[in-house]
Amino acid sequence: MAETASRTVTVDGVRTHFLEAGDGPPVVLLHGGAWGECAATAWPTAIPALSRAHRVIAPDWLGFGGTDKIVDFADRAGRMLDNLEGLLAALGVEEADVVGLSMGGSHLLRDQTSPSPRLAVRRMVLVSAGGPPVSGDALAALMDFTGTVDAMRAQIALAFADPSWAADDSVVMPRLEAALAPGAYEAFASLALRPPGHRPPPLGDPFDYSRVTVPTLVTAGDLDRLKPPGFAADVAAAIPGAQLRTFPGCGHCPQLEAADAWNDAVLTFLAQPSPTQPSPAQPSPAETAQARTAPAQPSPAQPSPAETAQARTAPAETAQPAPAQAAPAETAQARTAPAETAQAAPAETARAEGAQIETAPAQSAQAKTSPEKENS
């Protein structure tokens, strides 16, 4: 199992925290938006599973976790996407499969349905994302957090179908600690601020899914209290060629409540042939017809029996001496010589591009960790 590292990069003057593990094609995991939400609480089982075959990068969104608590009131989501784009550039990630949970999926959809997407996405996985934004009683309950243990248990109960998650202190306490970190409470609470005369956006789904051009997997629980029934099927039907996977008995966080099944579904989806890799060229009909009608080439002339016998008895006049073998000392030197063509590690590449990376061992993830909920 690949070790998970906790790292911080300075992107345009903003300290940006992320978790990283594994090698291979990059996969970016985008957590949702809720009190105390961050990469560590959203992906404790997904990171080890996906990192067996991929380089997994799980950032903390701007305003969450270990990333600076900055809020752009003019364009909150746009500024968050700017920071994500800068992080991936600093890490040398030119294209990636991207997984977005709840708010993370909404921001991902905002980008991929825009006229000019800024993220180079190879495949997209949505988790409890898309459809009409959270509203009404669900939104009121989502924003109702007083900073107590019981208040955090209530938040977790919103996101999980199984009540045991809200009773588990290994889930509750890390979320509570993150929610009360300096600046975290203020950053999230600012979602409720509205200027005088503010008009709410129109009801309904805000995305034009026909603009999505990448292979997409839509995942959701069938007992999600924060989203309307059937929303995931509607989203999958609206995205060209999208696949749908629903997890029975799960709420807003199927990546945790059905961790093994969700990980398997995502790994299977990511293992499908890359849409950016061209298929082998096929011959045109004219070329195929020409190959069928072309005259057969004559086989090489075979020697007569007399010539064969003569060849067997002729002296070996043209035998070449065997190539000289390297001396033992030379062989040992070749084995220990440095590889001149080795590529720089991702962290070294980022440093070369001006990013300042700080690395620290990541805290061990709990098998049960917390969920995602947001205004998506």
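The values are calculated or read from the model by the stated rules, or taken from the named source; none is laboratory data. Please read all numbers here as calculations on a predicted model, not as lab measurements. When we count neighbours, we look across all protein chains shown, and the Cβ atoms used for this are built from the backbone with ideal geometry, even at glycine.
Odds and ends about this structure:
- Listed conditions (1) buried (at least 24 other Cβ atoms within 10 Å of the Cβ); (2) touching a Leu at 6+ places or on another chain (Cβ under 7 Å); (3) among the polar types (S, T, N, Q) are all met by S102, apart from (2).
- Residues of region 213-230 classified as surrounded by fewer than 17 Cβ atoms within 10 Å (Cβ to Cβ), under 28 Å from A140 (Cα atoms) and out of contact with any Ser or Thr (no Cβ under 9 Å at 6 or more places or on another chain), total: 3
- For R123, the criteria (1) part of a strand (DSSP E or B); (2) without any contact (Cβ under 8 Å) to a residue 60 or more places away in the chain hold in every case but one, which is (2).
- Among the residues listed as S190, S128, S170, the single one being touching a His at 6+ places or on another chain (Cβ under 8 Å), in contact (Cβ under 8 Å) with a residue 24 or more places away in the chain and either farther than 30 Å from L244 by Cα or among the polar types (S, T, N, Q) (or both): S128
- When A40, A77 are checked against the criterion of being part of a helix (DSSP H, G or I) and either buried (at least 24 other Cβ atoms within 10 Å of the Cβ) or of a type in the set (D, E, K, R) (or both), a single residue qualifies: A40.
- Residue within region 153-161 that is touching an Asp or Glu at 6+ places or on another chain (Cβ under 7 Å), of a type in the set (A, V, I, L, M) and part of a helix (DSSP H, G or I) present: yes
- From P200, P182, P163, residue being modelled with pLDDT of 95 or more, within 29 Å of D234 (Cβ to Cβ) and not basic (K, R): P163
- For region 148-186, taking the residues that are among the polar types (S, T, N, Q) and under 19 Å from A39 (Cα atoms), the one that is surrounded by the most Cβ atoms within 10 Å (Cβ to Cβ) is identified as Q155.
To keep it simple, each residue is scored yes or no on (1) in a helix (DSSP H, G or I); (2) out of contact with any helix residue (DSSP H, G or I) (no Cβ under 7 Å at 6 or more places or on another chain); (3) aliphatic (A, V, I, L, M).
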{"residue": "V172", "(1), (2), (3)": "yes, no, yes"}
{"residue": "L203", "(1), (2), (3)": "no, yes, yes"}
{"residue": "R225", "(1), (2), (3)": "no, no, no"}
{"residue": "P229", "(1), (2), (3)": "no, yes, no"}
{"residue": "L244", "(1), (2), (3)": "no, no, yes"}
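- Figure legend. Inter-residue proximity from region 52-72: first residues within 17 Å of A39 (Cα to Cα), second residues of a type in the set (K, R) and in a loop (DSSP other than H, G, I, E, B), beta-carbon distance below 9 Å, spacing 6+ or different chains. Indicated pairs: L62/K69; G63/K69.
- The set of residues in region 193-212 that are in contact (Cβ under 8 Å) with a residue 40 or more places away in the chain, closer than 22 Å to V127 by Cα and surrounded by fewer than 18 Cβ atoms within 10 Å (Cβ to Cβ) comprises L203, G204, D205, P206, D208, R211.
- The residue list V149, V121 contains one member that is in contact with a helix residue (DSSP H, G or I) (Cβ under 8 Å, 6 or more places away or on another chain), closer than 30 Å to G92 by Cα and modelled with pLDDT of 95 or more, which is V121.
- Check on W35, surrounded by 24 or more Cβ atoms within 10 Å (Cβ to Cβ), modelled with pLDDT of 95 or more and over 20 Å from the mean Cα position of the chain (by Cα): yes
- Condition check for A189: surrounded by fewer than 19 Cβ atoms within 10 Å (Cβ to Cβ), closer than 24 Å to A40 by Cβ and touching a Phe, Trp or Tyr at 6+ places or on another chain (Cβ under 8 Å): no
Table: residues versus (1) within 14 Å of the chain's Cα centre (by Cα); (2) at pLDDT 95 or above; (3) closer than 13 Å to T4 by Cβ.
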{"site": "R55", "(1), (2), (3)": "yes, yes, yes"}
{"site": "D60", "(1), (2), (3)": "yes, yes, no"}
{"site": "K69", "(1), (2), (3)": "no, yes, no"}
{"site": "G78", "(1), (2), (3)": "no, yes, no"}
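- The residues of region 45-72 that are surrounded by fewer than 17 Cβ atoms within 10 Å (Cβ to Cβ) and farther than 16 Å from V14 by Cβ, listed by number, are R52, A53.
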